[in-house]
Amino acid sequence: MAAKPIYRVVVHQQGEIWDLYVREIFQSELWGFIEVEEFVFDDASRVVVDPATEKLQRTFDGVKRSYLPLNAIVRIDEVEREGPLKAVKTDARVAEFPVPFRCLRAAKGKRMRQAHR
């Protein structure tokens with residue numbers, strides 16, 4: 001049986017860019033969210049300790065499933081093997097998906113103003 005694929009999910013979270021590694025990823029039943037499961041952490045026997053990696057491991061320790069908002073997802077890649085978890089500060093701004101605007105109906109006998117003024 002082939003090993004399950006590993007996905008790198010790059011997420012914009014509160015002024016940081018997070019690289020997460022998971023084995024399961026799919027569209028959530030919650031509208032506007034992606035579900036990720038089975039987090040993959042780097043080998044714990046490493047000598048070098050990275051505070052950002054430690055922070056993410058503590059954040060997702062014991063988490064069975066996480067729901068990530070679509071507008072926070074920067075990129076999803078299928079990779080050969082897991083890499084180090086990363087949390088990098090950023091000044092980049094991630095815009096939300098455009099939301100359709102509501103058309104206002106004009107009252108009887110009145111002209112409707114243009115919405116894009």
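The values are calculated or read from the model by the stated rules, or taken from the named source; none is laboratory data. Just so it is clear, the model here is predicted, and its values are computed rather than measured. Glycine also receives a Cβ, built like all others from the backbone with ideal geometry; neighbour counts cover every protein chain displayed.
Conditions (1) at pLDDT below 80; (2) of a type in the set (S, T, Y), marked per residue:
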site: S28; (1), (2): no, yes
site: E35; (1), (2): no, no
site: E38; (1), (2): no, no
site: R46; (1), (2): yes, no
site: D50; (1), (2): yes, no
site: T53; (1), (2): yes, yes
site: D61; (1), (2): no, no
site: S66; (1), (2): no, yes
site: I73; (1), (2): no, no
Next item on the list: Among the numbered conditions (1) surrounded by 15 or more Cβ atoms within 10 Å (Cβ to Cβ); (2) closer than 14 Å to V11 by Cα; (3) modelled with pLDDT of 85 or more, tell me where D77 comes up short.
Entry: (1)
Item checked: Residue within the range 86-101 that is surrounded by 14 or more Cβ atoms within 10 Å (Cβ to Cβ) and modelled with pLDDT of 75 or more present -> yes
Notebook entry, point to check: Restricting attention to the range 14-39, which residues are within 12 Å of L56 (Cα to Cα) and surrounded by 17 or more Cβ atoms within 10 Å (Cβ to Cβ)?
Noted result: I17, W18, D19, L20, Y21, F39
